[in-house]
Amino acid sequence: MRSDDGVGGPGSLSKRHATLVAGEATRNALALMPYCFITSALVGPIICLAGPDSTHRLYGLLLALCNAAVCILGLCYGLWRSRRRANARGASLADLRRDRAAVVAFSAACGLVWFWIPVLLFPGAGANGRLMIACTCAGMICTSLALVAVPLAQRALALPLIAGFFLALVLTGERQLVALGTLLVIYGLFVVGAAKQLERLFLRYRRLRYEFLDQTSTVQLLLGHPETGHGSLLWETGADGCLLNVNERLATALGVRRSQLEGLPLPTLLMASAEDDAHARLTACLADRVAFRNLAGPVGIAASPDRSVSGITAGSFPPTPGPEVPRTWSFTGRPVFEGGGEFAGFRGVATDITQTREAARRASHRTRHDSLTGLLNRYGFSDRLRLALHALGRNGTPFALLIVDLDDFSAVNEAYGYGTGDRILKTMAARLRSACDATAILARHGGDQFMILVEAADVDIVDDLSRRLLASLAEPVLVGDERVVCSASIGVCLAPLAGDTIDSLLEAADLALARARRDGGQSVCFYEPRLRLLVEEQRSLLADLRRAVARHAFGVEYQPIVDTQTLALRGFEALLRWHRPGYGPVPPDRFIRVAEEAGLICELGAWVLEQACREAVSWPSRVRVAVNVSVSQLESPGFARQVASILSKVGLEPSRLELEITESIFMDANASSFGVLESLRELGVGIALDDFGCGFSSLGFLRGFSFSKLKMDTTFVREMGIDRRAHAVVSAIVNLAAELGVAVTAEGVETPQQLSILRQMGCTQAQGFLFSRPMQPAAIPPLLDQIGGEMALSPAPDAVLGEPPETQPGARFSFGAGRGD
């Protein structure tokens, strides 16, 4: 950039910097020009009117008027341009040239006036006048330094003044004045040279300042770009959005020459694709002149319609991380405005984030997929489910959600170990994939549950798929030399019938799955609105049950157990009852199941046990009390100590307590439960095996554990008079008990004919409506007083012969601990 021009010169400054420097210099000159002209306007009339003698005052008046006119015009122009700059966003290059020309023109006009002041006034002035003119001219020469920002303007003012004063001194012909004029020329030229050097210093200062500002802007970009480092590339565009001042590193990174990149629109560095809108967003940001950050996309160069880009293709880039995988760059930039507010283009950084993006993709895959099966996990499946809901709302496309749960898979883990369990889960996941079509979306919901999303599905399609899934999962899995069979339960809900949110759909599918489990597993259940009502009812029941357990708001009834031969009273079975406020009596099989699922059965069972023992203390010593116990109680820590503590607390002999357990213990209980039974038997408590013959096969355990009693289920007793197979089963159980040397009790005896058959078979004890219905504790003392010392009961006169017990009031319900009759 030439120091004598400064606007668009070919110097070392870039075009943008040259414009900025020239603009600042012109603004400084316009800002200081009024002070220079005001000074000239003030001193001019004084010297023109007071300096010369009376014969030259006319010249002085004319010169004063010319000086005033020039100064006033210069001031008006400066004020006008200042107002224009305040209202405009910035000054163009043409405006800067016009302003600089105006400054030079007014300076030259002022210098021309001051050229004639000494020439016309100095010869006719006296000694004092000449001294005044000489001093004033010297001062005006120094005043020209105010225009040093525009050197041509400074010279236009100073050189005419120096020439005029030197000419005036020479015209006098006096040797000393000629010498003085020579000295003045020397000093004046020094001032002009000093102004030249000051202008160079100011130019260098301005250049360094703008370079510093650019570096500061670059540092701010780098600091605000977390992925930048030594591989970050600087770029710059003009106001038209095309690259300029391309550095060698950027060209090398793209594998092209600098000249090929100069003038290319910045967005052409990014590939335009339907999957990635980075190209479109970058184009929009450049058009709107707004800053952007971390616009990332695949790098590629496309030729502009009006520009040939020979040799610049995606294939010329450096090698990519994988086959046919384009490199990914991130662009950050901000608009740049010149000092006057004129838009000059963009500056920014580009960073190769290919490895970072690939690492992020792998991390995203890990966070969205299950590491064991390779299926989507809960988080990833939620995203796909959310997209399906968007499609449902936008296009009305229905879909189905299935939750597949492996039945009792925890038993597989316990039997074969978690390593084998994981291998089976991978096998099941593979079977699910093969049974579903390619459009289905599968995920592992956690543990042994899987989820499947089937788009554009109806009931028939989903039902057929569910049947195929059940059949595939039920095929045996070979574990070593053993074949393991796993069944599954499937809950299905259809959108939008079951809901239109993720939570509502998951809840609906869970409700359907819970119903499939209650149906025994290896089944499919579709969601119905009534399932939600059942759940709400179950929740209400559970809330009331919790309150009842906390307040001990239950009752215990007792049903007699008699000797079949003598009808002597042998004991009572304690039966739990619950009168739910606002609903009335609740069947035991209903609230006992809820108590077991909610973890309330241990607390409830302990209360029933203590109540029954406390009541039995007041009975004759030969009368025992039987209490049902659940598997959960047997597995609870310290159950044997709890029983011993209750017996000691109420003062009941252990031999008078009989604990009844069902055959389900042989499937549900662990090895420690049988240790608890041994401890109870050593304590003296009797252990009865309830509902013998109707549940799981327990014959093997009869050899390993000595029960004190077997209790036959009501079903066999009721049908033994009409079904020979039931008669044979009862006879076999009685004979088995006799061989084992234990008592056997027949439950549900309703008729004298049933009692007669049991007597003939040799059954030792009986229990049922033939003798008595379950009674309140207050009815037991009168009963004991009535039967007296023989302790013999007569068949109840109101027994309904031949009528099934469940049709009679107070019919027996047998389910878990504390069951009722």
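Among ILE592, ILE133, ILE461, the order by Cβ neighbours within 10 angstrom, fewest to most, reads ILE461, ILE133, ILE592.
This ranking places ARG100, ARG289 by how few other beta-carbon atoms lie within 10 Å of each, fewest first, which gives ARG289, ARG100.
If we count every other residue with Cβ under 13 angstrom of PHE381's Cβ, Lys/Arg +1 and Asp/Glu -1, where does the sum land?
That works out to +3.
Other residues with beta-carbon under 9 Å from the beta-carbon of VAL623 carry, at +1 per Lys or Arg and -1 per Asp or Glu, a net charge of +4. Counting beta carbons within 10 Å around each of MET775, MET33 and listing the fewest first gives the order MET775, MET33. Could you tell me which of rounded, prolate or oblate describes the range 480-595, using a ≥ b ≥ c as the square roots of the eigenvalues of the alpha-carbon gyration tensor, with rounded for a/c under 1.5 and, failing that, prolate when a/b is larger than b/c and oblate otherwise? Cα axes put the range 480-595 in the oblate bin.
Quick check on the range 467-525: take the gyration tensor over C-alpha atoms, sort the square-rooted eigenvalues as a ≥ b ≥ c, and tell me if it's rounded (a/c under 1.5), prolate or oblate. Prolate shape, in that a/c is at least 1.5 and a/b is the bigger ratio.
Taken together, the values in this text are just the output of simple stated rules run on the coordinates, not laboratory data. Note that the structure is predicted; figures quoted are calculated from it, not measured. A quick note on method: Cβ atoms are made from the backbone with ideal geometry, for glycine too, and the neighbour counts reach across all protein chains shown.
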